[in-house]
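The values are calculated or read from the model by the stated rules, or taken from the named source; none is laboratory data. Not measured: the values here are computed from a predicted model. A quick note on method: Cβ atoms are made from the backbone with ideal geometry, for glycine too, and the neighbour counts reach across all protein chains shown.
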Amino acid sequence: MWWEIEGHLEVRENQLYIAGIEASKLAERYGTPLYIYNGNRIIENFNRVKGAFEAAGVKPRIHYAAKANTHLAVLQLLSRQGAWIDAVSVNEVKIALKAGFPVGRILFTGASVGNADLKGLMQLGVRITIDSFSQMRRMKELGFKGEASIRWNPGEGAGHHEHTITAGKFIKFGIPEHRIEEAFLKAKALGLDIVGLHQHIGSGWLGKDVDVFLETVDKTIAVAEKAEELLGKKLEFVDFGGGPGIPYSKEQKEFPLEKYARGIIKKMKAADLNAEIAVEPGRYIVGDSGILLVEINTVEEKNVPVIGVNSGFNHLIRPAFYGSHHEMVVCNNVGGRNRKSFMVAGNLCESGDVFNESKQELRELPIPEEGDILALLNAGAYGYIMSSNYNSRAKPACILLLNGKEQLMVERQTVDDLLTKEKELEI
Ligand code: LLP
């Protein structure tokens, strides 16, 4: 199968294996819906990014974008590898600290950052990226004494969906091109300690988008040089954001990691800068490490052939929200020849609750039996972390596989968990 990765996802005797363990057996042991992450794959992905830069003679700051998957154990695993953290909320910073990241290895880069956020961040002592003139002014008013970077919008973006493009026109993030020099001058006038420049053009780009990204790298480097001139000092780092994609479907190619890393390095070396290179990959590190197992409870001809499962967009929202493709695999009959095209329907009361790319895209699968386990692949990034309790359904359990061992990482919720913060009617 196109998605097989040796030692990670494999098909043996028509059964799906993850990290050498039969997926259906894990479903039996832990129940479904179940998120499974292969920690060794996370480490491999991290090392591949690190290695691509190191092969070209540079030690990068790899800020893992915690928003992709914030499980404590995953963060701990990445802390052990020497990762840094890109955090977007005070709570993400707190979770990263709990996971053992030193405060100096955390950079906060948020949007619409309020004073409550700023106060929380200042208490924790992390570096803060400035997203607006308003934020800059309020940081000064609140007495911010730490180090800061400025995020700018380099005017061009890329991403797998409109919602994940974060630079260009009609974009809320960063300081726009025509005001970036003013931003450095303002920060200097306010006495803020600006140590870095930040860009993030969007999430989930592959192929030709890498050329768009490399164009923005040129622009960002030019702005960094200008910033040093305006500030009268050297920058400590330039952060090129996250975004490297992964293949979700057969047609998509592997991310050209070497072209990406070498491209950044070559441009940085040619520049008049001593700044360190920072990148913020999220999806690339954890995306293909995780799968979601769901149980097939209904196989029936409605007005289309339907497979009903015990999960929905409450557990994996990407298909419903972005029309994203997630490969689906019948765990106990992966290559079955008796095939048919199905709508794979979740158990929520909304017609958009299907795991197909849309209601119209029927997916060809081996005809399953009720009770079979279906795996949704590439669910390690923006999966559990975007889940909800819609329809008062519990969030799934999550397990981690690492070095031939397995552990429960997140317990399955119960109805009591849904009620813990609820109050009885009192008035
Ligand atoms: N840095 C910043 C400032 C970001 O906003 C993001 C993602 C990243 C890094 C990491 O991007 P990555 O390397 O993972 O592409 N929920 C969407 C993706 C939203 C990404 C938001 N920001 C999805 O499921 O595709």
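Summary table
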read-out: Unmet requirement for ASN332, which otherwise passes all of (1) touching a Leu at 6+ places or on another chain (Cβ under 9 Å); (2) outside the structural domain of ALA83 (by TED's automatic domain parsing); (3) within 30 Å of ALA87 (Cβ to Cβ); (4) part of a loop (DSSP other than H, G, I, E, B); value: (3)
read-out: Residue ID - nearest to LYS67 (Cα to Cα), chosen from residues in the stretch 185-230 that are within 13 Å of the ligand (Cβ to nearest atom) and in a loop (DSSP other than H, G, I, E, B); value: SER203
read-out: Residue list for the stretch 19-50, filter: part of a helix (DSSP H, G or I), within 21 Å of HIS315 (Cβ to Cβ) and β-branched (Val, Ile, Thr); value: ILE42
read-out: Hey, LYS233 in a helix (DSSP H, G or I) and among the basic types (Lys, Arg) or not; value: no
read-out: Subset tally (residues that are under 19 Å from ASN274 (Cα atoms), in a helix (DSSP H, G or I) and touching a strand residue (DSSP E or B) at 6+ places or on another chain (Cβ under 8 Å)) for the stretch 51-80; value: 1
read-out: Test for PHE173: is it in a loop (DSSP other than H, G, I, E, B), within 13 Å of the ligand (Cβ to nearest atom) and crowded, with 17+ Cβ neighbours inside 10 Å; value: yes
read-out: LEU425 being in contact (Cβ under 8 Å) with a residue 12 or more places away in the chain and farther than 28 Å from VAL304 by Cα; value: no
read-out: Residues being within 13 Å of SER289 (Cα to Cα) and buried (at least 16 other Cβ atoms within 10 Å of the Cβ) - total across the stretch 1-16; value: 4
read-out: Residue check for ILE180: assigned to a helix (DSSP H, G or I) and aliphatic (A, V, I, L, M); value: yes
